[in-house]
Amino acid sequence: MDLTSAARRLYGVDPGEFTAARQELVKLARRDGDAALAKRVGALRRPTVSAWAVNLLSRDAAPELGMLLDTGADLRAAWAEGRPIGGLEQRRGELVDLLVRAARRLAADAGRPLRDPGVREVEDTLLAATVDPDASDAVREGALTRPLSHTGFVPAGFTASGFTAAAPPAEAPAPKRRAAAPTTTPHRNPSAARKKNHVAGKRAERARRGEAAAERAEEAGRRAAKAERLLESRDAEAETARRELDEAEVKAGRLRAELDSADRHADRLRRRAERAERRRAQAAE
């Protein structure tokens, strides 16, 4: 036994059984006289449920996982060479969806169904494995202790931000100095008064438009919040449907296995009945 094989065995067991399994491997290493290996095995950390679910994929869905990781390598190469990546991104999305469903099914079969946060962590880990070669190697090895994360599609060696810095606020104009009051009463100018009234009217109109725009923005905000709540409700319904679909697929598989078994049993009974009929005919003769 070496550290790689020990880790491979440990990170495939249920997280609840990890500590006991690790202790057994430590004892085995000590019996073999390898104190250094025993110490290193004893230092292995128990995985989170989502990391364990990804580890299951490396064992029970290795071909599909390999296709995703190969697609990630193709994506990174296409990005670096400036080639189109649309088709590769679509394939990546399809494979990630397939593997997330597989991880949920494997975890449920093992008695640890994934909750929504865990499902998202599995998806993030798979996406991160298509972006970073080191993450890809870790996922392929199947000995994760924690989920991985990513930010968009940014291959290793590139940097990008998902936002643009907001423009700095404009400086407020310096207040105008008031002119000193004249010592004599100015001559009233009707044209200036009309101009002043016209400017005041424009300001009032802008204020009314601003209030109307604020009301429209508030209404849009209420509609957006309502749409967000509706979307969350639809997401929950979709999640329930996906879970029921997974359960139905598992049940269908079991029923197919039972049907195959029943068919084989019926064939055996049919052959026995035919042999019995032949023996009866022979006895009658």
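At a glance:
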item	result
Segment Arg243-Gln282, extension gain: residue separation times 0.36 nm, minus the distance between their alpha carbons	8.2 nm
Spatially proximal aspartates and glutamates relative to Lys226 (Cα-Cα < 18 Å; intrachain offsets below 8 disregarded)	Glu215, Glu218, Asp235, Glu237
Ranked packing of 121-133, 248-260, 92-104, most packed first, by mean Cβ within 10 Å	121-133, 92-104, 248-260
Relative intensity, log₁₀ I(q)/I(0), of the stretch 3-141 from a Debye sum that treats every alpha carbon as a point, q = 0.13, 0.17, 0.18, 0.19 Å⁻¹	-0.61, -0.90, -0.97, -1.03
Heavy-atom accessible area order for Glu64, Glu211, Glu277, largest first, 1.4 Å probe	Glu211, Glu277, Glu64
Using a Förster distance of 35 Å, the FRET efficiency for Asp235-Asp14 (Cβ separation, nearest 0.05)	0.75
Qualifying aspartates and glutamates (Cα of each under 16 Å from Cα of Lys39; at least 8 residues distant if same chain)	Asp2, Glu24
Selection from Leu75, Ser58, Ala6 lying farthest towards where the dipole of the stretch 1-134 points positive, charges on Cβ	Ala6
Tensor-based shape of the stretch 222-284 (alpha-carbon gyration tensor, a/c under 1.5 rounded, otherwise prolate or oblate)	prolate
Cα centre as origin, Lys/Arg/Asp/Glu Cβ charges: the stretch 222-284 dipole, Debye	520 debye
Solvent exposure of the stretch 222-284 as accessible area per residue, Å², 1.4 Å probe	87 Å²
Signed unit charges on C-beta, dipole axis of the stretch 3-141, positive-most listed residue Leu127, Thr19, Ala110	Thr19
Dipole of the stretch 222-284 [Lys/Arg +1, Asp/Glu -1 at C-beta], most positive-end residue of Ala276, Leu230, Ala252	Ala276
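The values are calculated or read from the model by the stated rules, or taken from the named source; none is laboratory data. Quantities reported herein were computed from a predicted structural model and do not represent experimental measurements. FYI the Cβ positions are ideal-geometry reconstructions off the backbone, even for glycines, and counts take in every protein chain you see. We work out accessible area using only protein heavy atoms, side chains counted, and drop any ligands, DNA or RNA first. Shrake-Rupley method; radii C 1.70, N 1.55, O 1.52, S 1.80 Å.
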